[in-house]
Amino acid sequence: MNNAHINTKCSEIITQLLAKAKIAQRSYQTFTQSQVDETVLAAGWALMEPARNRQLAEMAVQDTGLGNVADKILKNHRKTLGLLRDLKGAKSVGVIAEDSANGIVEIARPVGVVAALTPSTNPVATPANKIINALKGRNAVIVAPSPKGWNCCATLVGFINAELAKVGAPPNLVQYLPAPVIREATVSLMQLCDLVVATGSQSNVRAAYASGTPTFGVGAGNVCAIVDDSADLPAAANNITRSKSFDNASSCSSENSLVILDAVYQQTLGALEEAGGVLLNSEEKCVLQRLLWQDGKLNPQVIAHSAQHIATLAGLSLAKQAKFLMVTESGCGSDYPFSGEKLSPVLSIYRASDFTQACAMVAAIYAYQGAGHSVSIHTQNDENILRLGLELPVCRVIVNQAHCFATGGNFDNGLPFSLSMGCGSWGNNNFSENLNYRHYLNITRIVRKIPERIPTEQEIFGDYLQKFG
């Protein structure tokens, strides 16, 4: 089959999906806020019902080979529950804000048909999050799953549509690309829809931005964490271990490098080993490097697999059961692959003489990979926390928390629950927030006249002219 025939066939399929989606969306946009909220709850329950959650988690691990079932069940549950908490009571229909002082009234409007690109690392939680957010804004959704995640997506959407039918939502409000998912179909969908929300590989995100359609795409992950000399070391080690080992480090928010200040270096390593980390020697590090990177790329056989499985593949005999593996590193860049994202329970350890050097090390790592995403710090020093926010190219500074849980929103912090984190201009993104329901809205503003407020030149230039003449 030649490319012209493939493109024609894809265009026909996408045109049919979009036609059905637009009919559904036009009907859905007449729903009241209470009807929309009921629709959102229906979509949420489609995943959170325990038997369905387990089925989808088992399917995700079986189909993709990534992560583990217990953690995916927890992720599906907590991410969806947290999102529904965020959306409860949030206005997304009609007038959503009034500012009488400035004469502004804001009205929420749908964007239309949303194309949701989703990764194999989170083939259930990510599409569910995007579908629910899109529905909150009275949009239709067409999911473009990764090929490995297609079966999960089809099953999830089937569950969602069954629940949506119960609340009277129009058919075809949520759809997905048919198998086999090929690049041409995804490109056609992105070009013809009203909004693209893209999570996954940077090649997919770049294609989304190049589609000509308004796009929210995320940056690359390669999270660094710092442990300074004021940190509660047992708590820090526990948080790092929980984050680094969760779902076999499939998350872009899992720590990849840890910079430890010299004053607490040995104690921190001891706490990490006590918590379940295993530090490899230089020879074992070389063996692991040969396994992790082949032909300059991450080996798919190690991505999101357990530390013990990776050690076995590498032929390493560990003295104890490992939750994650540690290697010491000093440089960064392409000649130091351990300074990049590993998508596996492998943590690179750096040693810094002081906090200034620690900041410089993190900045150098992010100049290579991961700029914009986030940084983690374990400390009791507020000045160090603020310094990271002022100096490093990151959109989030996570303080004394398990990073992979915290950066996408958690029940004990104020970030919106999301599986898609904007990385700002540092990460070549057009937004720096956690992707949330407001990104799925158009907002119309009614503007009324208010009393004029014309400042005098003295009010504007007085201080400047007094200083400079």
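The number of residues in segment 314-331 that are under 24 Å from the mean Cα position of the chain (by Cα) and in a loop (DSSP other than H, G, I, E, B) comes to 1. Just so you know, in segment 333-353 the residues that are hydroxyl-bearing (Ser, Thr, Tyr) and surrounded by 13 or more Cβ atoms within 10 Å (Cβ to Cβ) include one that is nearest to the chain's Cα centre (by Cα), and it is 344.
In segment 271-307, the residue that is farthest from the chain's Cα centre (by Cα) out of those that are among the small types (Gly, Ala, Ser) and surrounded by 21 or more Cβ atoms within 10 Å (Cβ to Cβ) is 271. Just to be sure I understand, how many residues within segment 141-193 are among the aliphatic types (A, V, I, L, M), outside any helix (DSSP H, G or I) and out of contact with any strand residue (DSSP E or B) (no Cβ under 8 Å at 6 or more places or on another chain)? Qualifying residue count for the region: 4.
Residues in segment 150-193 that are modelled with pLDDT of 95 or more and among the charged types (D, E, K, R) were compared, and the one that is nearest to the chain's Cα centre (by Cα) is 163.
Selection of segment 397-455 for residues being aliphatic (A, V, I, L, M), under 24 Å from residue 198 (Cβ atoms) and out of contact with any Gly (no Cβ under 7 Å at 6 or more places or on another chain) yields 398, 406, 443.
What are the residues in segment 74-112 that are in contact with a Lys or Arg (Cβ under 6 Å, 6 or more places away or on another chain), assigned to a strand (DSSP E or B) and farther than 26 Å from residue 414 by Cβ, if any? Listed by number, the list holds a single entry, 110.
If I ask for residues that are in a helix (DSSP H, G or I) and crowded, with 24+ Cβ neighbours inside 10 Å, which ones from segment 248-262 would you list? If the condition is that a residue be in a helix (DSSP H, G or I) and crowded, with 24+ Cβ neighbours inside 10 Å, then 248, 249 are the ones that fit. Taken over segment 61-119, the criterion of being within 22 Å of residue 149 (Cα to Cα) and among the hydroxyl-bearing types (Ser, Thr, Tyr) is satisfied by 64, 80, 118. Residues in segment 319-332 include none that are closer than 26 Å to residue 72 by Cβ, buried (at least 24 other Cβ atoms within 10 Å of the Cβ), in the same structural domain as residue 363 (by TED's automatic domain parsing) and of a type in the set (D, E, K, R).
For segment 407-425, the criterion of being of a type outside the set (D, E, K, R) and over 28 Å from residue 128 (Cβ atoms) is met by at least one residue.
Report, by residue number, each residue of segment 64-73 that is buried (at least 17 other Cβ atoms within 10 Å of the Cβ) and in a helix (DSSP H, G or I).
64, 71, 72, 73
The values are calculated or read from the model by the stated rules, or taken from the named source; none is laboratory data. Quick caveat: nothing in here was measured; it's all calculated off a predicted structure. Because the Cβ atoms are built from the backbone with ideal geometry, glycine has one as well, and the counts that use them run over all protein chains shown.
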